[in-house]
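S.K.: My structure is below; once you've seen it, I'll send some questions.
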Amino acid sequence: MSAQGFNDTIKLIVVDMDGTFLNDQMTYDIERFKRQYALMKERNIKFVVASGNQYYQLKSFFEPFQDELAYVAENGALVVDEAKIIHVNDIPGQVVDDVIACLQQHPSLRPIICGVNSAYILNDADETLYNHASRYYHRLKKIGSYDEIDDVIIKFALTTPDVSYFENQLTTQLPREITLVTSGHDSIDLISNNSHKAAGIAKLLTRWKTSFDKCMAFGDSNNDLEMLHSAKYSYAMANGNDNVKRVANYIAPGNNEHGVLCVIDEYLNH
């Protein structure tokens, strides 16, 4: 998109993380972003992190100003603004029990159960899975049984190399209150039907008295579709899948080419 294409004043910039804001080494150009963020603050532009990942993991990437930002975490199930939780879309207790019963029919799936305060994994899960999960869940507790969880449950996270197979299997077996979403990174999330990134962002838009017409958003995977469909300035990453490229209005350079930062620079300097 050329600079002349920015016909509106952007009020918020929303970024997915894995495969979008972060490169494949799970890092980004912090110094460049700090300069951009200073300009955003001057112009009253909100910066929103929207991801399927845990809030406590997401904020760790933005340590100097982590509590100034807004987060749409767990695919929209938890929304935080300036360190204050403003929305939780929990999964009711009976539905949680039904999901657990469904997953127990597939012993190769070892779910991580995500709550507002922590994520939980059975203590007989193998160490490889635990170590992998620890990268994405900075609060992760081992438990002897699911009965030990005393938390508000907002998501089930599954990691499998057979995403397509389990997507087909689980879609017909899960309770009707649950939606299955994939991020394209060997992961499947099970969330409440009305949870997705756009729904979480909408809570922030109401809070800030603005609209998706003033929103710039970036994503690469299926869990970004609603967000990219809703935002006027929606960007699929060059490395994104075909679905997001069909839905988004524009294409940004790839995540390994600082694509998000390039577009933000273009907007801030236009």
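The values are calculated or read from the model by the stated rules, or taken from the named source; none is laboratory data. Computed from a prediction, not measured in an experiment: that's the story for all the values here. Using ideal geometry, Cβ is built from the backbone for each residue, glycine included, and neighbour counts are taken over all protein chains shown.
S.K.: From the list ALA157, ALA202, which one is within 15 Å of the chain's Cα centre (by Cα), of a type in the set (Gly, Ala, Ser) and assigned to a helix (DSSP H, G or I)?
M.R.: The conditions single out ALA202.
S.K.: From the list ASN222, ASN243, ASN193, ASN249, pick out the single residue that is closer than 30 Å to ASP97 by Cβ, surrounded by fewer than 23 Cβ atoms within 10 Å (Cβ to Cβ) and free of Cβ contacts under 8 Å to residues at least 40 places away in the same chain.
M.R.: ASN193
S.K.: Go through segment 217-233 residue by residue and tally those that are touching a helix residue (DSSP H, G or I) at 6+ places or on another chain (Cβ under 7 Å), under 16 Å from ILE10 (Cα atoms) and assigned to a strand (DSSP E or B).
M.R.: Qualifying residue count, segment 217-233: 2.
S.K.: Going residue by residue through segment 19-33, is there one that turns out to be within 30 Å of ILE188 (Cα to Cα), basic (Lys, Arg) and either modelled with pLDDT of 95 or more or under 16 Å from the mean Cα position of the chain (by Cα) (or both)?
M.R.: Checked segment 19-33: no residue is within 30 Å of ILE188 (Cα to Cα), basic (Lys, Arg) and either modelled with pLDDT of 95 or more or under 16 Å from the mean Cα position of the chain (by Cα) (or both).
S.K.: For GLN66, indicate whether it is modelled with pLDDT of 95 or more, of a type outside the set (Lys, Arg) and either under 21 Å from the mean Cα position of the chain (by Cα) or not in a loop (DSSP other than H, G, I, E, B) (or both).
M.R.: Yes, satisfied.
S.K.: Among the residues of segment 248-266, write down those that are over 15 Å from CYS215 (Cβ atoms) and in a helix (DSSP H, G or I).
M.R.: Correct list: ASN255, ASN256, GLU257, GLY259, LEU261, CYS262, ASP265, GLU266.
S.K.: Next up: Any residue at all in segment 100-113 that is under 14 Å from LEU158 (Cα atoms), part of a strand (DSSP E or B) and touching a helix residue (DSSP H, G or I) at 6+ places or on another chain (Cβ under 8 Å)?
M.R.: yes
S.K.: Within segment 75-98, restricting attention to residues that are in a helix (DSSP H, G or I) and touching a strand residue (DSSP E or B) at 6+ places or on another chain (Cβ under 6 Å), which residue is modelled with the highest pLDDT?
M.R.: My answer is VAL96.
S.K.: Give the residues of segment 160-190 that are within 21 Å of ALA236 (Cβ to Cβ) and part of a loop (DSSP other than H, G, I, E, B), sorted by residue number.
M.R.: SER183, GLY184, HIS185, ASP186
S.K.: Mind listing just one residue for me: the one in segment 95-146 that is among the hydroxyl-bearing types (Ser, Thr, Tyr) and loosely packed, with under 12 Cβ neighbours inside 10 Å and, of those, farthest from SER192 (Cα to Cα)?
M.R.: THR128
S.K.: I'd like to know if segment 2-22 contains one or more residues that are in a loop (DSSP other than H, G, I, E, B), among the β-branched types (Val, Ile, Thr), assigned by TED's automatic domain parsing to the domain that holds LEU225 and more than 16 Å from GLY259 (Cα to Cα).
M.R.: The answer is yes, given that some residue of segment 2-22 is in a loop (DSSP other than H, G, I, E, B), among the β-branched types (Val, Ile, Thr), assigned by TED's automatic domain parsing to the domain that holds LEU225 and more than 16 Å from GLY259 (Cα to Cα).
S.K.: Being of a type outside the set (Phe, Trp, Tyr) and in the same structural domain as ILE188 (by TED's automatic domain parsing) is true for just one of GLN36, GLN105. Which residue is that?
M.R.: Of the residues listed, the single one that is of a type outside the set (Phe, Trp, Tyr) and in the same structural domain as ILE188 (by TED's automatic domain parsing) is GLN105.
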